[in-house]
Amino acid sequence: MDLRGKRGLILGIANDRSIAWGCARVMAACGAELAVTYLDDAAEPHVRPLADALRCPLVLPCDVRAPGQLEAVFDAVRTAWGTLDFVIHAIAYAPKDDLQGRVADCSAAGFALAMDVSCHSFIRCAKLAEPLMPHGGCLLTFTFYGGEKVVPHYNLMGPVKAALEASVRALAVELGSRRIRVNAVSPGPMGTRAASGLEHFDELLGDAWSRAPEHMLARLDDVGAFAAFLASDGARLVTGNVEYVDAGYHVLG
């Protein structure tokens, strides 16, 4: 994939095991210039060295729960670059008590927070990115098979990811006339920090490996390579999709 001349914003790098980092690493290798974000002061020491390794000119704080921070990130991009070619949204969160309990028992506050951080923040990104993409662009987020089928212990994040996937389709229709493409990538289970909050996650990894037709689990570079393709001109007619990178795990009943 040739991403030379393209500029992208990557939200959600937490450390070198983050899906967002896998995307950043591959996209930089393909020639893209990147702006990246970190959550807060505690996260910055884990993220800044990674950003420096890729020579990212913009390394910005972004907690989507903090009023004005997401808007400040896009303002900084507008000031520095004027335009934007792609946005990678790799942000998800649910309070532990709500995540590890039954959907029937989740609190209204926990549900609302999970939906705001994991889904509505992507919609906000689309609104903020639209004026920076006068010649089209790519918006990309990340989902999981648990948004389509019930996966044991995925719990609250199932309905949240289902809403995210529905949002991808709606945004693809609304922004299509401006040649802004909107897609979601659905890796199988991966050993990220976010996934570690799920109960019995090792069992999910083992089940995915044993049942997937290829008997493999996705790696960061696998996901990053596919994300780079979706951001490239070669995917100019690909929009509104949930794209699986899971060794075929999703086709099984």
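Sort out which residues of the stretch 236-251 are of a type in the set (A, V, I, L, M) and either part of a helix (DSSP H, G or I) or open to solvent by less than 50 Å² (accessible area, probe 1.4 Å) (or both), and write them in order of number.
Within the stretch 236-251, 238, 242, 245, 247, 251 qualify.
Considered as a group, the residues in the stretch 89-142 that are closer than 19 Å to residue 181 by Cβ and of a type in the set (Phe, Trp, Tyr) include one that is farthest from the chain's Cα centre (by Cα), and that residue is 122. Within the stretch 26-51, the set of residues being touching a residue at least 60 places away in the same chain (Cβ under 8 Å) and surrounded by 21 or more Cβ atoms within 10 Å (Cβ to Cβ) comprises 26, 27, 32.
Within the stretch 82-102, being charged (D, E, K, R), surrounded by fewer than 16 Cβ atoms within 10 Å (Cβ to Cβ) and in contact (Cβ under 8 Å) with a residue 40 or more places away in the chain holds for 96, 102.
Please go through the stretch 201-220 and give me each residue that is open to solvent by less than 70 Å² (accessible area, probe 1.4 Å) and within 22 Å of the chain's Cα centre (by Cα), ordered by number. Selection gives 201, 204, 205, 208, 217, 218, 220.
Among residues of the stretch 219-247 that are free of Cβ contacts under 8 Å to residues at least 24 places away in the same chain, none has a beta-carbon under 8 Å from a residue that is buried (at least 19 other Cβ atoms within 10 Å of the Cβ) and of a type outside the set (Val, Ile, Thr) at least six positions away or on a different chain.
Restricting 234, 206, 197 to residues that are out of contact with any helix residue (DSSP H, G or I) (no Cβ under 9 Å at 6 or more places or on another chain) and either modelled with pLDDT under 95 or of a type in the set (Ser, Thr, Tyr) (or both) narrows the list to 206.
The single condition among (1) more than 14 Å from the chain's Cα centre (by Cα); (2) closer than 25 Å to residue 186 by Cβ; (3) surrounded by fewer than 22 Cβ atoms within 10 Å (Cβ to Cβ) that residue 79 does not meet is (2). Scanning the stretch 163-195 for residues that are open to solvent by less than 20 Å² (accessible area, probe 1.4 Å) and free of Cβ contacts under 8 Å to residues at least 40 places away in the same chain gives a single hit, 195. Under the condition of being open to solvent by 30 Å² or more (accessible area, probe 1.4 Å) and of a type outside the set (D, E, K, R), the residues counted in the stretch 135-162 number 7. When the strands (runs of 3 or more DSSP E) confined to the stretch 1-65 are screened for residues that are touching a Gly at 6+ places or on another chain (Cβ under 9 Å), those reaching at least 3 such residues are found at 33-38.
Summed over the stretch 39-85, the residues that are farther than 20 Å from residue 180 by Cβ and of a type in the set (D, E, K, R) give a count of 8.
The values are calculated or read from the model by the stated rules, or taken from the named source; none is laboratory data. Since the structure is predicted, the reported quantities are computational estimates derived from the model, not experimental observations. FYI the Cβ positions are ideal-geometry reconstructions off the backbone, even for glycines, and counts take in every protein chain you see. Just so you know, the surface numbers come from the protein's heavy atoms only, side chains and all, with ligands and any DNA or RNA stripped out. Shrake-Rupley method; radii C 1.70, N 1.55, O 1.52, S 1.80 Å.
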